[in-house]
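Novice: Take a look at the following structure, please.
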Amino acid sequence: MEYIFWILLICLVDQGTKYASLWKIAAENGLPAAAAAAGMSFPVIDGVLHFTYVQNSGMSFGLLKDNRWIFMAVSAAALLGFFVYLVVQKKQPPLQKAALTVIIGGGLGNMFDRVLLGYVVDFVDVRCIPYWHWVFNFADACVCVGAVLLAISLILEVKKEKKNSAG
């Protein structure tokens, strides 16, 4: 059950970074925190990393914009499925358990925004990578990293099963 602690911690860090970034974005523009407006930005490292306030009505990196209810239903079902699998399946490889934990934590962090605000707060604006134009947040990063870890875990399990069945 230790994964519940990590899921909650990821949600807390996500919400904290969103609040702190909005506060900093507003302050850098001479405004109180509640007055931050979408599109406001300031350089953390000029030309490399900026904090830019984006109200994302889609999924990670702004994909599937303006499909909030469909996306929320599919996301909620997927998160619930992952959570049930995490709780019920006792013999999971540690990497798979970690991957699911990170995906669920990030997914819940963004779900809080969708339910409470109607959009997800994004603010990490990487400008030093050519052709990269997406603004994201901690939860998005968690979901993406978790997905990569899950894929690696599944590949390792398939290789292990093939090795065991061949030998």
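Novice: Could you tally up the Lys pairs in segment 2-166 with alpha carbons closer than 24 Å? Skip any pair fewer than 8 positions apart unless they're on separate chains.
Specialist: Taking the Cα cut-off of 24 Å, the pair count is 13.
Novice: Quick one: Y53, Y3, fewest Cβ neighbours within 10 Å first, how do they rank?
Specialist: Neighbour counts put them in this order, fewest first: Y3, Y53.
Novice: Sticking with this one: So what is the relative contact order for the chain, in percent, with contacts set as C-alpha pairs under 8 Å and at least six apart?
Specialist: The value is 27 percent.
Novice: Order the peptides 21-30, 116-125, 147-156 from the highest to the lowest mean number of other Cβ atoms within 10 Å of their residues.
Specialist: Put in order of decreasing packing, that is 116-125, 21-30, 147-156.
Novice: Okay, moving on. Residues with amide H under 5 Å of S57's amide H, sequence separation 5 or more or different chain, H placed in the peptide plane at 1.01 Å from N; which?
Specialist: It is D66, V120, by chain and number.
Novice: What is the calculated FRET efficiency for A37 to V158, with r their C-beta to C-beta distance and R₀ = 41 Å, to the nearest 0.05?
Specialist: Given R0 = 41 Å and the Cβ-Cβ separation, E is 0.25.
Novice: A further question follows. At R0 = 22 Å, how high is the FRET efficiency between W6 and V148 if r is their beta carbon distance? Nearest 0.05 is fine.
Specialist: That pair, W6 with V148, gives E of 0.80.
Novice: Okay, moving on. Let me have the 222 nm mean residue ellipticity of the chain computed from DSSP H runs of 4+ only, each contributing -39500 (n - 2.57), with the sum over all residues rounded to the nearest 500.
Specialist: -21500 deg cm²/dmol
Novice: Here's another thing I want to ask about it. Assuming 0.36 nm per residue, please report the length gained on full extension of the stretch I129 to L49 beyond their Cα-Cα distance.
Specialist: Length gained, I129 through L49: 27.8 nm.
All of the numbers you see were taken from the coordinates with simple rules; none came from a lab. Here the structure is a predicted model, which means the values were calculated and not measured. Backbone-built Cβ (ideal geometry, glycine too); neighbour counts: all protein chains shown.
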